[in-house]
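Colleague: Let me begin by handing over the structure; questions about it come next.
The values are calculated or read from the model by the stated rules, or taken from the named source; none is laboratory data. On a predicted model such as this, the values are computed, not experimentally measured, just so you know. Note: ideal-geometry Cβ built from the backbone for every residue, glycine included; neighbour counts use all protein chains shown. The accessibility values were calculated without ligands, DNA or RNA, using every heavy atom of the protein model including side chains. Shrake-Rupley method; radii C 1.70, N 1.55, O 1.52, S 1.80 Å.
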Amino acid sequence: MISKLLTSALPIAVREMQRNLMRSVLTMLGIIIGVAAVIVLMTLGSGTTQQVTEQIASLGSNLLMISTGKSMGPMQSSTAPKFKLADAEAIAREVTSLVAVAPQASSNATAIFANQNWQTNITGSNERYFSVNNRQLAAGRLFTAREVRSGAMVCVIGETLRGKLFGASNPIGVRMRLQKLSCEVVGLLKAKGQSSMGSDQDDVVILPLRTFQRRIAGNNEVAMIQVSAKDGITTDAVKQSIRQVLRRQRHLSAAEEDDFNVVDMKEIAGILSGTTQLMTSLLSAVAGISLLVGGVGIMNIMLVSVTERTREIGIRLAIGALGREILAQFLVEAVVLSTTGGVIGILLAVAIAGVLATLLQIPLAFSPLVILSAFIFSATVGVVFGYMPARKAARLNPIEALRHE
Amino acid sequence: MTSNGDTLLKLQAITKVYGMGEAQMFALRGISLTINQGEFVAVMGPSGSGKSTCMNILGCMDQPSDGHYWFRDVNVGTLSRNQRTLLRRHYLGFVFQGFNLLNRTTALENVELPLLYRGVGRNERRVLARLALATVGLSGWETHKPNELSGGQQQRVAIARAIVTEPLLLLADEPTGNLDSQRSEEIMDLLVQLNRERGITVVMVTHEPDMAAYAQRIVQFRDGLIERDVCH
């Protein structure tokens, strides 16, 4: 019975849509935009989440970052005295479950080679920096522990800086200028791309810490200490040991709060991916509302169409169309409109998400589930919002409908 | 073929009341009418005499307030809305004053419409609709849309649509009301031809005595009652 209803209603509905092509397209526009928006936002959102997660995983899983200032939530802190190299050495000496400790200080400065110059990020650290941050060499060598101790004038540079300063020529063994310092490029790092905070991790120069402090910063401060813990050690225990060492080093009395904080990168990863997921769901919800509005648009047009076609409905009823056949015709028309809109929306979303993902350098993470549910949702919108006008048409009195002008 | 004596339909003491209480208005005050298979009946009467109400009841589109309507051996009063629709679908054909064709739809598709609801297959629909159009003299006009046809042609399409299902009863509500006298005569000739050659019973409402003269029997309505019922 139902399949018979559909087989007679489908060609009528399709013919009706073709007759009113402009109106059909305008009606579908709401659904097209809604479906496309939901899919694009969810695709880009999950792409971003995936990217953040991957980047943080690439930092090394057991990484802890120790910075000065009281903890005031993620990435925020009040000012407090900086660390000294001795603090990092005390941690390395006393906390046994660590693999590596890398004290760091950094600033921005202009790097100059021949007639090229480039504003870049300069970081002073020790030889452990590279393993802690998961950085690999592309060419040359890393600086050694001895060079770190002596404050040698050597540096390792990132791929972006190499491109800007050296172009096609080989930078290894060449001397370049960093402010008043002339240093030899001994190594080139493999490219790593943007960090999860959006900075270019390849636009860097890494120097031995002592060289940086003496020649660039002109002080003996250490802004941050990165620590990587041994596998299988709970980071909470490591954090606790580090706190004890640093409280003693910084002469904090029992009454005083920590004026530094130790952050586990896993926590940051959780916070960041949580944030992007929340943003994704919020934006998708907004886009979902536009789908609903599209549904109301369909209902509106179908109601207008029922009024406009009252006479036609009267003719059909007089000729022998049952109420349920009229209902099926209008319902099928609404569903055909909404699902056609849904399919066009999906195709549009695939194109837009593809272009945007390329532009924003986000991995393209299409989920078949999202596409399927967008399609099902658009069909549902057609049924739900098409039902009322269709029922109105089916209940018309044929005599009055025929009299309608 | 003329009246063969078999009763097609029978109205018994039909009344139709609109409104309630003080505003009550009788459209039909108890009419009885028997129409035999193969008759050509003209229904006449001034506006408000009840003839349109009577036609609506005959066409199973309206229910009487009281009385009985027998279509062959079926008591129409006991049928549900859907059953009455099915009765229309299988046994009745309608022709209206305003043609009532679907706009932006070809003549052929208009004629196919009742077959679509009867569940006739696509190819058979085509063949039957072409035949019906040929019967009303519109071969070659299949792909024209109503706005590309003259009034007379549109009414012929409407008649083709009404007879394509080979109905027992053709109800025509002022079929010539919108046409000039020459087109009117052509349409009347067509109806008479369908009545004689196919034995389709025709009940036609008309204002014009000239048109009524084509019928074998004239039923005159006045104030909700049948004033005169004359056979030629």
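Colleague: Quickly work out the A:Ala351-to-A:Asn300 label distance, labels modelled 7 Å from Cα along the C-beta direction, and quote it in nm with one decimal.
Modeller: Modelled inter-label distance: 2.5 nm.
Colleague: Report the residues of segment A:201-221 in range of a label on A:Arg141: point 7 Å along Cα→C-beta, backbone N strictly under 16 Å from it.
Modeller: Those under the cut-off are A:208.
Colleague: Also, quick follow-up: Roughly speaking, what is the centre-to-centre gap between segment A:233-253 and segment B:208-232 when only Cα atoms are used, to the nearest Å?
Modeller: 112 Å
Colleague: Considering the options A:Gln104, A:Ala269, A:Leu209, tell which one lies farthest towards the positive end of the dipole of chain A, charges being +1 on Lys and Arg and -1 on Asp and Glu at the Cβ, about the Cα centre.
Modeller: My answer, from the dipole projection, is A:Leu209.
Colleague: I would also like to ask the following. Suppose accessible area is computed on protein heavy atoms with a 1.4 Å probe; arrange A:Leu21, B:Leu9 from highest to lowest.
Modeller: A:Leu21, B:Leu9
Colleague: Here is a further query. Set the bar at 19 Å for Cα to Cα. Now go through A:Lys164/A:Lys192; A:Lys392/B:Lys51; A:Lys164/A:Lys190; A:Lys230/A:Lys266; A:Lys239/A:Lys266; A:Lys192/A:Lys239 and name every pair that lies beyond it. If you can, show how the numbers build up before the last one.
Modeller: On the way: A:Lys164/A:Lys192 16 Å; A:Lys392/B:Lys51 29 Å; A:Lys164/A:Lys190 15 Å; A:Lys230/A:Lys266 15 Å; A:Lys239/A:Lys266 13 Å; A:Lys192/A:Lys239 28 Å.
Over 19 Å Cα-Cα: A:Lys392/B:Lys51; A:Lys192/A:Lys239.
Colleague: Where the only charges are on Cβ atoms (+1 Lys, Arg; -1 Asp, Glu), what is the dipole of segment A:81-258 about its Cα centre, to the nearest 20 debye?
Modeller: I would put it at about 500 debye.
Colleague: In the protein assembly as shown, with Lys and Arg counted as +1 and Asp and Glu as -1 at Cβ, which of these residues, A:Ala401, B:Ser184, A:Ile344, has the Cα nearest the positive end of the dipole, that is, farthest along it?
Modeller: A:Ile344
Colleague: Still on this structure, I have one more. Over 20 Å intervals from 0, what percent of Cα-Cα pairs in chain A sits in each interval?
Modeller: Bin by bin from 0 Å, the calculated values are 22, 34, 21, 17, 6, 0.
Colleague: I would also like to ask the following. To the nearest 500 deg cm²/dmol, what mean residue ellipticity at 222 nm is calculated for chain A from DSSP H runs of n ≥ 4 alone, each contributing -39,500 (n - 2.57), summed and divided by the residues? Provide the component values of the computation, followed by the final result.
Modeller: On the way: 12 runs with 224 residues, N = 405.
Value at 222 nm, helices only, nearest 500: -19000 deg cm²/dmol.
Colleague: Can you grab the distance from the C-alpha centre of segment B:46-119 to the C-alpha centre of segment A:29-55, Å, no decimals?
Modeller: 55 Å
Colleague: Can you give the average number of partner chain beta-carbon atoms within 10 Å of each beta-carbon in peptide B:99-110, as a whole number? Show your work: numbers first, answer last.
Modeller: Values: counts 1, 7, 2, 6, 4, 5, 4, 0, 0, 0, 1, 2.
The shielding value for this peptide is 3.
Colleague: For segment A:81-258, give the share of DSSP beta bridges that are antiparallel, in percent and rounded to the nearest 5; count only bridges with both residues there.
Modeller: 75 percent
Colleague: In addition: Test of understanding: extend the Cα→C-beta vector of B:Met25 to 7 Å, then name every residue of segment B:45-59 with backbone N under 19 Å from that spot.
Modeller: Answer for this model: B:45-57.
Colleague: Between A:Glu89 and A:Leu26, what is the label-to-label distance in nm when each label sits 7 Å out along the Cα-to-Cβ direction?
Modeller: Distance between label points: 8.0 nm.
Colleague: Here's a follow-up. For B:Asp173, enumerate residues with amide H under 5 Å from its amide H, sequence gap 5+ or separate chain, H modeled in the peptide plane.
Modeller: Counting only residues 5 or more places away or on other chains, the set is B:Val95, B:Phe96, B:Gln97, B:Val205.
Colleague: Could you compute how much accessible surface A:Ser131 exposes when probed at 1.4 Å, giving the result in Å² to the nearest 10?
Modeller: 80 Å²
Colleague: Calculate the translational D of segment A:81-258 in whole µm² s⁻¹ from Stokes-Einstein, where the hydrodynamic radius comes from the Kirkwood formula applied to all Cα pairs, the temperature is 4 °C and the viscosity 1.567 mPa s.
Modeller: The Stokes-Einstein estimate is 76 µm²/s.
Colleague: Now for a separate question. What aspartates and glutamates could a cross-link reach from B:Lys10, if we take a straight Cα to Cα line under 17 Å and drop same-chain neighbours fewer than 8 places away?
Modeller: Once the sequence-local aspartates and glutamates are set aside, what remains near B:Lys10 is B:Glu39, B:Asp62, B:Asp66, B:Asp73, B:Asp229.
Colleague: Return, ordered by residue number, the residues of segment A:3-37 whose backbone nitrogen is under 19 Å from a label point located 7 Å along Cα→Cβ of B:Asn147.
Modeller: Answer for this model: A:15-25.
Colleague: Please give me, ordered by residue number, the trypsin sites (Lys or Arg not before Pro) of segment A:322-405 that lie in loop per DSSP and have at most 16 other Cβ atoms within 10 Å.
Modeller: Here the sparse-neighbourhood loop sites are A:Arg395.
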